[in-house]
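The values are calculated or read from the model by the stated rules, or taken from the named source; none is laboratory data. A quick note: this is a predicted structure, and the numbers were derived from the prediction, not measured. Cβ placement follows ideal geometry from the backbone for every residue including glycine, while neighbour counts extend to all protein chains displayed. The area values use the complete protein model at the heavy-atom level, side chains included, leaving out ligands, DNA and RNA. Shrake-Rupley method; radii C 1.70, N 1.55, O 1.52, S 1.80 Å.
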Amino acid sequence: MRSKLLPLLPYVLALCVDFYLLPLLMRDTGAAMFLMLCVMPLAAFLTGAACGVRRGFRLLLPAAALVLFLPTLPLYYNYTAWVYAPAYAVIVLLGMALGRAFCGKT
């Protein structure tokens with residue numbers, strides 16, 4: 001199991017930066033909406049695409065995105081933002097699928 005998780009560590013760390021450090025830049029509602037609807041999904045998509053290109057299709061990364069986003073709800077948002085957790089998992093999944101299509105790994 002460790003051999004499957006260790007190669008995903010850089011991508012999990014990138015998701016941690018995306019979910020835990022980028023919200024610190026939210027100063028007002030406009031910045032929050034821009035980050036939540038543009039920057040953070042783009043970073044999650046690019047992380048998934050990079051993983052898909054280098055590692056192929058791994059379902060652990062979208063699951064990690066879902067689990068990593070949930071603790072940010074009480075930290076930065078309120079519980080009405082829970083819909084972003086599965087949305088980010090799907091975004092990472094789409095990025096991985098696109099990345100896998102470009103690299104051809106199974």
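Rundown of residues vs (1) more than 16 Å from L13 (Cα to Cα); (2) touching a residue at least 12 places away in the same chain (Cβ under 8 Å); (3) not polar (S, T, N, Q), yes/no style:
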position	(1), (2), (3)
A50	no, yes, yes
V53	yes, yes, yes
A63	no, yes, yes
Y79	yes, no, yes
Y88	no, yes, yes
G99	yes, yes, yes
C103	yes, yes, yes
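Take the conditions (1) at pLDDT 90 or above; (2) closer than 13 Å to A89 by Cβ; L59 misses just one of them, which is (1). When P74 is tested against (1) within 11 Å of Y11 (Cβ to Cβ); (2) more than 14 Å from the chain's Cα centre (by Cα), only condition (1) is not met. When you check A64 against the structure, is it within 22 Å of A101 (Cβ to Cβ), in contact with a Gly (Cβ under 9 Å, 6 or more places away or on another chain) and small (G, A, S), yes or no? When the stated conditions are applied, A64 does not pass them.
Here P7 clears all of (1) more than 20 Å from R100 (Cα to Cα); (2) out of contact with any Leu (no Cβ under 9 Å at 6 or more places or on another chain); (3) modelled with pLDDT under 90 except the condition numbered (1).
Contact map, the stretch 23-34: first residue over 18 Å from L73 (Cβ atoms), second residue open to solvent by 90 Å² or more (accessible area, probe 1.4 Å), Cβ cut-off under 7 Å, separation 6 or more or different chains; pairs are A31/L25.
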